[in-house]
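Below is one structure; the comments refer to it alone.
The values are calculated or read from the model by the stated rules, or taken from the named source; none is laboratory data. Source: prediction; values computed, not measured. Accessible surface areas use protein heavy atoms only, side chains included; no ligands, DNA or RNA. Shrake-Rupley method; radii C 1.70, N 1.55, O 1.52, S 1.80 Å.
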Amino acid sequence: MIFLAAPTRLKRTTADNHEKRALAVLVDRSPSMGVPDQRKKTRLDDASARWRSLEKDSLKIFSKIEYFRFSTTVSPERSLDASLAGESGPANTYLYQSLGEVLAKAPPGGWGAIVCLTDGFDTQSPPNLSLIHISEPTR
């Protein structure tokens, strides 16, 4: 799993006869990704530009790239451009739930890797938060 914050390009040598698996790319479309920085660029603009520079080389390593757009729900998309198109999603970001859904949708053999274009916010509250109780151990 890779979270692009300030990515560094790594060059790896692999055997030509290895079985290639698909790569999943999750694109965070929550409103926080549309917040411009001091350069007047949004987090989404920056993350997608960085991914585009790696996308072509990724196809040399993975059999294909499957894109998913997420905010509070996950939807498959046909390309990065389709993932970026349209309005942002609802105000919440269900990052961990979305990752879980994509992991559950993995092809046979699993994903070769998952790239997540996100700012890393997860705004989903843990379920049954009011039921959590921490007690002192008894002696």
Separation between Cα centres of region 29-53 and region 61-88, rounded to whole Å: 15
Potential lengthening between GLU19 and LYS105 on full extension [0.36 nm per residue; Cα-Cα distance subtracted]: 29.0 nm
Anisotropy class of region 44-110 from Cα gyration tensor, a/c 1.5 cut: oblate
Vicinal HN-Hα couplings computed from phi for region 48-62 (Karplus, 6.51 cos²θ - 1.76 cosθ + 1.60; Hz; Gly/Pro x): 5, 5, 5, 5, 4, 6, 10, 4, 4, 5, 5, 5, 6, 9, 10
Solvent-accessible surface ranking, highest first, for LEU54, LEU99 at 1.4 angstrom: LEU54, LEU99
